[in-house]
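Novice: First, the structure itself, so that you have it in front of you.
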Amino acid sequence: MRSHRSLLGRIALPALALSLLLSCGGHGTEPNGAGLARTFRMGFSNVPPDSTLASALASLDAWTRRADAGIFHISVPYRALLSGISATAFIDSVHMPVVNYYRARGLSIVVTVDVTNGLDRSAEDPDLVAMGRSITEAPVQQLYRDYVKALAQRIQPAYLGLAAETNLIRAAAPSAVYAAVVQMANAAATDVRALSPRPLLYVSVQADEGWGRLLHNNVYQGVETDFHDFPFTEALALSSYPYFVFADPNDIPLDYYTRLANGRSLPVLVVEGGWTSGAVGSVQSSAAMQARYLRRQEQLLDAAKAVAVFQLTYADLDLSQYPPQPAGSILPLFAQLGLVTTKLAPKPALLTYDSIFARPLAQK
């Protein structure tokens, strides 16, 4: 791969039906921190195994029983907003039923807003491209700002990410697109910081790229440019899919998260990531290796005194049940990240996850 692109929820759920229903209702190494309190909340997003309502509801019910946080990783609904639908109306119809479900389960909520193409960091959002529009336009940026402000007001998440994988956007996208991301995210930060109460703000950075393992021949890069360009950042939010750059989970340095902070005392969150349980392109993996990754990740989280860790997919993805992907889509590279199969049968990694989740959560 020339570069990594994050897995996003660009997978359409049957939103209206889901909204109506929700409104009604030892593998791997030995445990690293068994018996010790964990500082980090754990959870997933509501990406289902396939495009059916039944799988969406079954997956959501299963993972929220073994989580104390939930994340929304959402693209800006440019098409809806440009058609005249208000940000508040969109959020109330699409997101709030899931928010209410999370709240009923006692989950803390984190939101990451993705402003470009989550599966191709060299490109803008596919809906914008299809409409011949761009985030370089002032009216499009204003719609994004309105949406972000409404998210903060309606969902009231603990943390709110204003852009995703900004170091990859900077490396892969046209300079005008990255400049637009900087401009609109900083403007949105000003809007949100005027609210009370308000969430802590961040942009996510790609950890594997920060270590130079994607585009820079393993020469460490850091994320200092991101801290400079997005000075409102109040947390180090990380994306990491290290199976693309390490042959074995135990090869990941123990300071893989902490070094990127470069001495800053900021909350650390892993807002997306994982390790495949099967072969992916040139990557050779296994269910046992995936379980070992979760144990190694536990060590990285403990070293960073992280506050949260999220995997976007709880279950593998049955891509045959999704709408056809564009030619060259990298979505199949992330289809086996789940801790359970597409039918929600447990993989070895689920037992490892459960053993980590069983550690008591430190009170703050």
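The values are calculated or read from the model by the stated rules, or taken from the named source; none is laboratory data. Just so it is clear, the structure is predicted and the values come from calculations on it, not from any experiment. Cβ atoms come from the backbone with ideal geometry, glycine included; neighbour counts cover every protein chain shown. Accessible surface areas use protein heavy atoms only, side chains included; no ligands, DNA or RNA. Shrake-Rupley method; radii C 1.70, N 1.55, O 1.52, S 1.80 Å.
Novice: Tally up the residues in the stretch 180-222 that are in contact with a Leu (Cβ under 6 Å, 6 or more places away or on another chain) and assigned to a helix (DSSP H, G or I), please.
Specialist: Number satisfying all stated conditions: 7.
Novice: Can you tell me which residues in the stretch 293-313 are over 17 Å from ALA37 (Cβ atoms) and small (Gly, Ala, Ser)?
Specialist: None; the set is empty.
Novice: Residue check: is GLU272 assigned to a strand (DSSP E or B) and either over 25 Å from ALA164 (Cβ atoms) or open to solvent by less than 50 Å² (accessible area, probe 1.4 Å) (or both)?
Specialist: Yes; evaluated as a whole, the condition is true for this residue.
Novice: Still on this structure, please answer the following. Give all pairs with beta carbons closer than 6 Å in which a residue from the stretch 147-161 that is among the aromatic types (Phe, Trp, Tyr) meets a residue that is open to solvent by 10 Å² or more (accessible area, probe 1.4 Å); count only pairs at least 6 apart in sequence or on separate chains.
Specialist: From the stretch 147-161, the pairs are TYR147/ALA87; TYR159/LEU200.
Novice: Give all pairs with beta carbons closer than 9 Å in which a residue from the stretch 300-323 that is on the phi < 0 side of the Ramachandran plot meets a residue that is open to solvent by less than 30 Å² (accessible area, probe 1.4 Å) and of a type in the set (Lys, Arg); count only pairs at least 6 apart in sequence or on separate chains.
Specialist: Every condition considered, the pairs that remain are LEU301/ARG38; ASP302/ARG38; ALA306/ARG38; ASP316/LYS347.
Novice: OK, next. Would you tally the residues in the stretch 223-261 being of a type outside the set (Gly, Ala, Ser) and assigned to a loop (DSSP other than H, G, I, E, B)?
Specialist: Selection size over the stretch 223-261: 16.
Novice: Among GLN363, GLN321, which is surrounded by fewer than 18 Cβ atoms within 10 Å (Cβ to Cβ), among the polar types (S, T, N, Q) and over 26 Å from SER108 (Cβ atoms)?
Specialist: Every option except GLN321 fails the conditions.
Novice: Of everything in the stretch 128-145, what is open to solvent by less than 40 Å² (accessible area, probe 1.4 Å) and of a type in the set (Ser, Thr, Tyr)? Give them in sequence order.
Specialist: Those that are open to solvent by less than 40 Å² (accessible area, probe 1.4 Å) and of a type in the set (Ser, Thr, Tyr): SER134, TYR144.
Novice: Next question. Residue check: is ASP318 of a type outside the set (A, V, I, L, M, F, W, C) and under 27 Å from PRO126 (Cβ atoms)?
Specialist: It is true that ASP318 is of a type outside the set (A, V, I, L, M, F, W, C) and under 27 Å from PRO126 (Cβ atoms).
Novice: Out of the residues in the stretch 275-284 that are modelled with pLDDT under 95 and part of a loop (DSSP other than H, G, I, E, B), which is nearest to VAL340 (Cα to Cα)?
Specialist: Among those that are modelled with pLDDT under 95 and part of a loop (DSSP other than H, G, I, E, B), it is GLY278.
Novice: Could you please let me know if ARG264 is open to solvent by 50 Å² or more (accessible area, probe 1.4 Å) and either on the phi < 0 side of the Ramachandran plot or part of a helix (DSSP H, G or I) (or both)?
Specialist: It is true that ARG264 is open to solvent by 50 Å² or more (accessible area, probe 1.4 Å) and either on the phi < 0 side of the Ramachandran plot or part of a helix (DSSP H, G or I) (or both).
Novice: If you check every pair at least six apart or on different chains, which have Cβ atoms under 6 Å apart with a residue in the stretch 65-90 that is at pLDDT 95 or above first and a residue that is open to solvent by less than 10 Å² (accessible area, probe 1.4 Å) and assigned to a helix (DSSP H, G or I) second?
Specialist: These pairs meet every condition: GLY70/TYR102; VAL76/TYR144; VAL76/TYR147; TYR78/LEU128; ALA87/TYR147; ALA87/ALA150; THR88/ALA150.
Novice: If you don't mind, there's one more thing I want to ask. Which of the residues belonging to the stretch 95-127 are open to solvent by 10 Å² or more (accessible area, probe 1.4 Å) and either farther than 20 Å from ALA158 by Cα or hydrophobic (A, V, I, L, M, F, W, C) (or both)? Talk me through it step by step, then tell me what you get.
Specialist: The first filter runs over the stretch 95-127 and keeps only residues open to solvent by 10 Å² or more (accessible area, probe 1.4 Å), leaving 95-97, 100-101, 103-106, 108, 117, 119-120, 122-124, 126-127.
Of everything in the stretch 95-127, those that are open to solvent by 10 Å² or more (accessible area, probe 1.4 Å) and either farther than 20 Å from ALA158 by Cα or hydrophobic (A, V, I, L, M, F, W, C) (or both) turn out to be MET96, ALA104, ASN117, LEU119, ASP120, SER122, ALA123, GLU124, PRO126, ASP127.
Novice: Are any residues in the stretch 178-217 in contact with a Ser or Thr (Cβ under 7 Å, 6 or more places away or on another chain) and surrounded by fewer than 21 Cβ atoms within 10 Å (Cβ to Cβ), and if so, which ones?
Specialist: Selection gives LEU215 alone.
Novice: With the condition kept exactly as written, say whether any residue in the stretch 292-300 is open to solvent by 20 Å² or more (accessible area, probe 1.4 Å) and either assigned to a loop (DSSP other than H, G, I, E, B) or among the aliphatic types (A, V, I, L, M) (or both).
Specialist: Looking through the stretch 292-300, none of the residues is open to solvent by 20 Å² or more (accessible area, probe 1.4 Å) and either assigned to a loop (DSSP other than H, G, I, E, B) or among the aliphatic types (A, V, I, L, M) (or both).
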